[in-house]
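Since every read-out is calculated from the coordinates, none of them should be taken as a lab result. Because the structure is a prediction, the values reported are computed rather than measured. In this analysis, Cβ positions are derived from the backbone assuming ideal geometry, glycine residues included, and neighbour counts consider all displayed protein chains.
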Ligand SMILES: NC(=O)c1ccc[n+]([C@@H]2O[C@H](COP(=O)([O-])OP(=O)(O)OC[C@H]3O[C@@H](n4cnc5c(N)ncnc54)[C@H](OP(=O)(O)O)[C@@H]3O)[C@@H](O)[C@H]2O)c1
């Protein structure tokens with residue numbers, strides 16, 4: 001173990017770190033990555049110091065991380081981080097969880113790092129760390145850590161180790177904890193679906209969550225009715241239907257088909273009118289009424305997204321006469337309250353991935369290299385707000 005003496009002038013170049021994350025100049029020496037003078041790791045992060053449109057408020061901040069780690073800290077190198085709708089809402093200031101603004105990274109204004117999910121490789125560990133070692137892959141235990149950054153200092157209890165990374169890609173690991181876990185828990189935690197008998201229906205079926213629900217449903221023997229928005233052309237709509245059927249969807253309808261008399265009749269025919277026990281609502285708005293009306297007596301509608309940005313309106317009779325139960329689901333609440341369950345759910349989904357039973361959502365990879373300019377990163381992130389996208393935006397870290 002080498003002890004480095006850091007001259008006062010060089011120490012002054014490092015950003016002001018809090019006491020908690022302040023370097024311990026006399027303990028472990030970490031491996032250099034993009035190294036600066038005296039072995040400092042050069043790092044970048046997409047930060048914001050006020051809420052607003054990501055293309056206005058995000059900025060790329062460069063800072064240094066000391067080669068000496070406090071005994072209870074890990075240095076992580078980021079491999080892949082998705083851009084989820086919630087990340088954008090968080091930066092806009094319209095999401096319920098808001099990471100605190102701090103000066104930990106030495107930003108001129110107190111700020112937070114964007115992003116909530118990702119796959120990281122352990123670069124070096126402090127002397128007291130036992131549960132992970134250099135080279136391991138980890139994900140964040142809780143949301144709100146701030147993942148759009150090339151490197152991070154974390155504590156042992158901030159991370160969940162991926163027990164077996166063999167056969168997995170950073171993209172698969174970096175996108176497992178939000179969408180697939182949400183689909184998994186919504187299918188399991190609200191009502192009991194009988195395999196080979198019961199059905200669920202969902203809108204936003206081509207979303208990350210929707211695709212995960214289709215595949216888990218297929219794996220567990222639940223039939224699914226999947227609602228998508230009509231595409232610009234009939235060919236595009238058919239192509240999207242085929243994509244979801246190939247993933248394991250039992251039926252796929254467009255919003256307009258669902259609203260037609262024939263659509264409703266088909267659903268009664270397929271489900272026997274009594275086995276459609278669960279609805280998953282990604283969209284909200286008036287269009288969700290048609291979906292809710294198809295549910296069987298006593299079924300459950302679980303709302304997890306509001307992509308239409310419209311309130312959900314429900315005919316009173318569905319509550320009184322059909323006894324439909326309405327709930328909301330928020331994966332952050334679940335994962336913060338049940339970290340062990342999160343680990344088990346993540347490992348189960350990754351096992352299915354490794355076995356080829358759980359396919360990736362289509363990705364639009366955005367490479368983040370050391371020289372990638374702020375405007376490129378911000379442009380890519382802002383673009384993820386658009387509908388009818390061909391894939392989920394994921395930042396993939398290159399020579400950072
Ligand atoms: N509550 C939770 O714990 C939780 C967890 C994960 C995700 N979510 C939420 O779930 C939603 C989907 O997230 P994701 O990451 O799966 O999304 P995603 O993969 O980016 O897909 C977005 C989905 O929303 C649809 N969409 C976009 N704009 C729409 C509009 N104006 N009206 C109707 N549908 C629209 C898209 O359909 P097109 O292809 O037709 O545009 C697509 O199906 C988001 O609201 C997200 O915040 C919630």
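Once you've got the GNM for the chain with C-alpha springs shorter than 10 Å, pick whichever of 307, 186, 366 has the biggest mean-square fluctuation.
Greatest mean-square fluctuation among the candidates belongs to 307.
From the gyration tensor of the Cα coordinates in the chain, what semi-axes in whole Å does the equivalent ellipsoid have, largest first, with each one equal to sqrt(5λ)?
On the way: eigenvalues 378, 87, 65 Å².
For the chain, the semi-axes come out at 43, 21, 18 Å.
So how much slack lies between residue 128 and residue 233, counting 0.36 nm per residue of separation and subtracting their Cα-Cα distance, in nm? Present the calculation step by step, with values, prior to reporting the outcome.
Working: separation 105, 0.36 × 105 = 37.80 nm, distance 5.92 nm.
Going from the current span to full extension adds 31.9 nm.
Among 119, 181, which comes first, second and so on when ranked by fewest other beta-carbon atoms within 10 Å?
181, 119
If you take all C-alpha pairs in the range 172-213, what percent of them are over 11 Å apart?
When every Cα pair of the range 172-213 is considered, 67 percent fall beyond 11 Å.
Over all directions, what mean area does the Cα convex hull of the range 179-332 project, stated in square nanometres? Present the calculation step by step, with values, prior to reporting the outcome.
Numbers: hull surface 33.5 nm².
Its average projected convex-hull area is 8.4 nm².
Name the shape class, rounded, prolate or oblate, that the alpha-carbon gyration tensor gives for the range 64-123, where a ≥ b ≥ c are the square roots of its eigenvalues, rounded holds for a/c under 1.5, and otherwise prolate holds if a/b is larger than b/c and oblate otherwise.
Numbers: a/c = 2.64, a/b = 1.43, b/c = 1.84.
Oblate, since a/c reaches 1.5 and b/c is not below a/b.
Helix 374-383 sits at what angle to the longest principal axis of the chain, using alpha carbons and giving 0 to 90 degrees rounded to 10?
Orientation of helix 374-383: about 10 degrees from the principal axis.
Kindly work out what percent of the DSSP beta bridges joining two residues of the chain are antiparallel, to the nearest 5.
55
With angles folded into 0 to 90 degrees, how steeply does helix 339-354 sit against the dominant principal axis of the chain? Use alpha carbons for both and round to 10.
The helix 339-354 is inclined about 80 degrees to the chain.
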